[in-house]
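The values are calculated or read from the model by the stated rules, or taken from the named source; none is laboratory data. This is a predicted model, so every value here is computed, not measured. Note: ideal-geometry Cβ built from the backbone for every residue, glycine included; neighbour counts use all protein chains shown. Keep in mind that these areas ignore ligands, DNA and RNA; they rest on the heavy atoms of the full protein, side chains included. Shrake-Rupley method; radii C 1.70, N 1.55, O 1.52, S 1.80 Å.
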Amino acid sequence: MNNRRAIILPRVRRQDNNNFPKIDRIKMAEKSFKYIILGGGVSAGYAAKEFASQGVKPGELAVISKEAVAPYERPALSKGYLFPEGAARLPGFHCCVGSGGEKLLPESYKQKGIELILRTEIVKADLAAKSLVSAAGDVFKYETLIIATGSTVLRLTDFGVKGADSKNILYLREIDDADKVVEAIQAKKGGKAVVVGGGYIGLELSAALRINNFDVTMVFPEPWCMPRLFTADIAAFYETYYTNKGVKIIKGTVASGFTAHPNGEVNEVQLKDGRSLEADIVIVGVGAKPLTALFKGQVEEDKGGIKTDAFFKTSVPDVYAVGDVATFPLKMYGDMRRVEHVDHSRKSAEQAVKAIKAAEGGGAVEEYDYLPFFYSRSFDLSWQFYGDNVGDSVLFGDSNPSNPKPRFGAYWVQDGKVVGAFMEGGSGDENKALAKVAKARPAAESLDDLTKEGISFAAKI
C-alpha cells in the first residue's frame, strides 16, 4: 500500500530579459497509505497499538507527528519528568505503558510494519482529495484518516499581555516544553517561581517546583483552585495542604504584565490587583485549545471540537477524530461533550480503530459508552474522580490537610441519584468502587446518610 512517487511542480524564478518568469522543476515526495494517524500524542500511540493488534499489514499505516520522538504518555511531563531525583525519561514512558500495555519504542513501529514519520508538520489538509501536505512540501495520501492532533496551550502572548514573550516564561504540553522547564529549574536552583493558573497544570507544576526547592507562588483568578471539578470544600483541602508545603496562593487576580532583566529573562510578574512578584521562572497553565485549524470549513464542528458519532466518525467519509479534538456523544448523559484527559484519549483511539476494522469486515462494534474519569498526583497526594460533577455535593471522610495520610471523598447527587464520585487517598478497590457507583447512578435517599456511609456506600453497589 505504501506507494511512493515524485510530484514535479513548477517553481518561479526571477524574470528574464523578455519579462517571462523562468520555471524550475522541483520534486516533492508523495507517499500513499491505507491509513494515516495524524498526531504524535497519546491517542496516536494507542491507535497505532490497536491497529497492530488488529493485524495491520506492513506499509498500510503511517503515524505522522511534528514531534521528534515516538508517541509517549504526556502525563509524565508534569509529574515524574520534573522530579529532582529518579526523574522519568524516555524511552521509559512511551505509549502504551500508561495503561499497562506494550511500550512502543521507535523501532517497535518498524517491526510492526508501521511507518513512523517524525519531525513532520502538516500545514494543509484536503479532506475531499484525501491528501495532507507537510511544511517541507511532501504529500501524503490516505484512504482513511484518524485526526489525533490533540490540543495546544493558550499563551499569554495570544492575549497581548505585556512582556509575555520574556525568557523563562514557560508552558508545558510537549516533551520539548518539559526539557525547557527542566533546564530552567537547573539554571535557577532554589529561585523564585510563579505559576499562573490554578488548574491541573498549576497544581501539578507548583508541587513539582516546590519539590525542587523553589519559592513558589501560584496565581489564579477564580475563587478556588480547579473550579471546573472541585467544590469549594475539596479545593480548601488542597489549598491548605499546598500552603503547608510552602506554596503561596494568590486568588482573584491575574498576571497583567511582566518585566525582564537586560538579558531578556523575566524578573517580575505584575498582577492586575497592583501587586508584583519577583520571579526567576514563570510557568503558565491557563488552558488549552484543540488543534482543529487544518480542518476548518471541511468538517462539522461542535463545542469547539470536531463533531463525531459514537465510533468517532466525522461528517466526512473515512475521516475519524479522537482524543482532545473530538466532540462525541456521551451516551450515559445523552449529550455531546469534548473531553481533555488521557483516559479518553486512549479509549477513543482504540474505539475508532476497532470501528474501522470491524466495518471493513462487514461488522460493527458497540457504541462508545464512556465514563468520565480524571485523576492527579502531586506531593504525596493522589485523587480520582468518576462521573459528572453536577447537582448537590457531600463530603465524607478525613479531609484534615495536616494529617499525614488524608483520606476523604465526595459524591454528587442530581435528581436523587449519585452521578459523580471523588476520592483522595483511596485504595485500588475503593477507586474501582467509585467507578462502579458513578456508572450505576444508584438512588440516594439522604445526603446526610451518604456523608455517614462514605466509601462504604460505593463499596456495596
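So, in region 60-86, exactly how many residues are farther than 17 Å from ALA44 by Cα, part of a loop (DSSP other than H, G, I, E, B) and touching a residue at least 40 places away in the same chain (Cβ under 8 Å)?
Of the residues in region 60-86, 3 are farther than 17 Å from ALA44 by Cα, part of a loop (DSSP other than H, G, I, E, B) and touching a residue at least 40 places away in the same chain (Cβ under 8 Å).
So, THR259, is that one open to solvent by less than 50 Å² (accessible area, probe 1.4 Å) and closer than 30 Å to GLU360 by Cβ or not? Before the answer, list the steps.
Values: open to solvent by less than 50 Å² (accessible area, probe 1.4 Å): yes; closer than 30 Å to GLU360 by Cβ: no.
Considered against the rule, which asks whether it is open to solvent by less than 50 Å² (accessible area, probe 1.4 Å) and closer than 30 Å to GLU360 by Cβ, THR259 comes out as no.
Which residue is most open to solvent (accessible area, probe 1.4 Å), if the candidates are limited to region 364-392 and must be at positive phi and touching a helix residue (DSSP H, G or I) at 6+ places or on another chain (Cβ under 6 Å)?
Of the residues in region 364-392, the ones at positive phi are 379, 387, 391.
Among the residues that remain, those that are also touching a helix residue (DSSP H, G or I) at 6+ places or on another chain (Cβ under 6 Å) are: 379, 387.
Numbers: PHE379: 46, GLY387: 3 Å².
Here the residue is PHE379.
Quick check on region 16-41: of everything there that is part of a loop (DSSP other than H, G, I, E, B) and at pLDDT below 50, which residue is nearest to SER131 (Cα to Cα)? Step through it out loud before you land on a result.
Going through region 16-41, the residues part of a loop (DSSP other than H, G, I, E, B) turn out to be 16-20, 39-41.
Those left that are additionally at pLDDT below 50: 16-20.
Values: ASP16: 35, ASN17: 38, ASN18: 37, ASN19: 35, PHE20: 32 Å.
Taking the candidates together, the pick is PHE20.
Which of the residues that make up region 383-418 are in contact with a Phe, Trp or Tyr (Cβ under 8 Å, 6 or more places away or on another chain), closer than 13 Å to PHE237 by Cα and assigned to a strand (DSSP E or B)?
Passing the criteria: TRP383, LEU395, PHE396, GLY397, ASP398, PHE408, GLY409, ALA410.
Being buried (at least 19 other Cβ atoms within 10 Å of the Cβ), over 14 Å from GLY39 (Cα atoms) and not β-branched (Val, Ile, Thr) is the filter here, so list the residues in region 113-139 that pass it.
LEU127, LYS130
Note down all Cβ pairs under 6 Å where the first residue falls in region 228-246 and is closer than 12 Å to LEU203 by Cβ, the second is basic (Lys, Arg) and open to solvent by 50 Å² or more (accessible area, probe 1.4 Å), and they're at least six residues apart or on different chains.
LYS245/ARG210
Looking only at region 194-215, decide whether some residue is over 27 Å from PHE93 (Cα atoms), crowded, with 23+ Cβ neighbours inside 10 Å and more than 20 Å from the chain's Cα centre (by Cα).
Yes: region 194-215 contains one or more residues that are over 27 Å from PHE93 (Cα atoms), crowded, with 23+ Cβ neighbours inside 10 Å and more than 20 Å from the chain's Cα centre (by Cα).
Residues in region 52-75 that are in contact with a Leu (Cβ under 9 Å, 6 or more places away or on another chain) and surrounded by fewer than 24 Cβ atoms within 10 Å (Cβ to Cβ): how many? Even if it seems obvious, please write down each step before you answer.
First, pick out the residues of region 52-75 that are in contact with a Leu (Cβ under 9 Å, 6 or more places away or on another chain): 52, 62-72.
In the following step, the residues that additionally are surrounded by fewer than 24 Cβ atoms within 10 Å (Cβ to Cβ) were identified as 52, 66-69.
Looking only at that region, the number is 5.
Can you name the number of the only condition in (1) farther than 30 Å from ASN168 by Cα; (2) in contact with a Phe, Trp or Tyr (Cβ under 8 Å, 6 or more places away or on another chain) that VAL299 fails?
Unmet condition: (2).
Given the conditions (1) within 30 Å of LEU395 (Cβ to Cβ); (2) under 23 Å from the mean Cα position of the chain (by Cα), report the number of the one that ALA232 does not fulfil.
(2)
Considering region 174-187 alone, what residues qualify as being open to solvent by 50 Å² or more (accessible area, probe 1.4 Å) and touching a residue at least 24 places away in the same chain (Cβ under 8 Å)?
ASP176
Select, from GLY420, GLY416, GLY397, GLY361, the only residue that is open to solvent by 40 Å² or more (accessible area, probe 1.4 Å) and either among the basic types (Lys, Arg) or modelled with pLDDT of 95 or more (or both).
Only one candidate qualifies: GLY397.
Please enumerate the residues belonging to region 395-425 that are of a type in the set (Val, Ile, Thr) and either in contact with a Lys or Arg (Cβ under 9 Å, 6 or more places away or on another chain) or within 14 Å of LEU229 (Cα to Cα) (or both).
Scanning region 395-425 gives VAL418, VAL419.
Are any of the residues in region 91-107 open to solvent by less than 20 Å² (accessible area, probe 1.4 Å), assigned to a loop (DSSP other than H, G, I, E, B) and either out of contact with any strand residue (DSSP E or B) (no Cβ under 8 Å at 6 or more places or on another chain) or over 30 Å from LEU205 (Cα atoms) (or both)?
Of region 91-107, the ones open to solvent by less than 20 Å² (accessible area, probe 1.4 Å) are 93-96, 104.
If we keep only those that are assigned to a loop (DSSP other than H, G, I, E, B) too, we end up with 93, 95-96, 104.
When the remaining residues are screened for being either out of contact with any strand residue (DSSP E or B) (no Cβ under 8 Å at 6 or more places or on another chain) or over 30 Å from LEU205 (Cα atoms) (or both), the result is 96.
Checked against the condition, which is being open to solvent by less than 20 Å² (accessible area, probe 1.4 Å), assigned to a loop (DSSP other than H, G, I, E, B) and either out of contact with any strand residue (DSSP E or B) (no Cβ under 8 Å at 6 or more places or on another chain) or over 30 Å from LEU205 (Cα atoms) (or both), region 91-107 yields at least one hit.
Counting only residues that are within 13 Å of ASN400 (Cα to Cα) and of a type in the set (Val, Ile, Thr), which one in region 216-242 is surrounded by the most Cβ atoms within 10 Å (Cβ to Cβ)? Give the steps one after another, and end with the answer.
Going residue by residue through region 216-242, those that are within 13 Å of ASN400 (Cα to Cα) are 233-242.
Now drop any that are not of a type in the set (Val, Ile, Thr), which leaves 234, 240.
Numbers: ILE234: 24, THR240: 15.
Out of the qualifying residues, it is ILE234.
Which of the following residues is within 27 Å of ARG74 (Cα to Cα) and free of Cβ contacts under 8 Å to residues at least 40 places away in the same chain: ASP429, ASP388, ASP415?
Details: ASP388 fails: free of Cβ contacts under 8 Å to residues at least 40 places away in the same chain; ASP415 fails: within 27 Å of ARG74 (Cα to Cα).
Exactly one of ASP429, ASP388, ASP415 is within 27 Å of ARG74 (Cα to Cα) and free of Cβ contacts under 8 Å to residues at least 40 places away in the same chain, namely ASP429.
So, in region 279-328, of the ones that are in a strand (DSSP E or B) and open to solvent by 40 Å² or more (accessible area, probe 1.4 Å), which residue ends up farthest from GLU265 (Cα to Cα)?
In the first step, residues of region 279-328 are kept if they are in a strand (DSSP E or B); the result is 281-284, 288-290, 301-302, 305-307, 313, 319-321, 326-328.
Next, from what is left, pick out any that are open to solvent by 40 Å² or more (accessible area, probe 1.4 Å): 289, 301-302, 307, 313.
Values: LYS289: 27, GLU301: 40, ASP302: 40, LYS307: 42, LYS313: 46 Å.
Result: LYS313.
May I ask you to list pairs of residues, at least six apart or on different chains, whose Cβ atoms are under 6 Å apart, with the first in region 305-322 being without any contact (Cβ under 8 Å) to a residue 60 or more places away in the chain and closer than 14 Å to ARG338 by Cα and the second being β-branched (Val, Ile, Thr) and open to solvent by 10 Å² or more (accessible area, probe 1.4 Å)?
These pairs meet every condition: THR308/THR314.
How many residues, within region 368-382, are farther than 29 Å from ASP309 by Cα, in a strand (DSSP E or B) and among the hydrophobic types (A, V, I, L, M, F, W, C)?
1
For region 432-448: of the residues being in a helix (DSSP H, G or I) and open to solvent by 70 Å² or more (accessible area, probe 1.4 Å), which is modelled with the lowest pLDDT?
So in region 432-448, the residues in a helix (DSSP H, G or I) come out as 432-440, 447-448.
Those still in the list that are open to solvent by 70 Å² or more (accessible area, probe 1.4 Å) too: 432, 436, 439, 448.
Working: LYS432: 97, LYS436: 97, LYS439: 97, ASP448: 94.
So the residue we want is ASP448.
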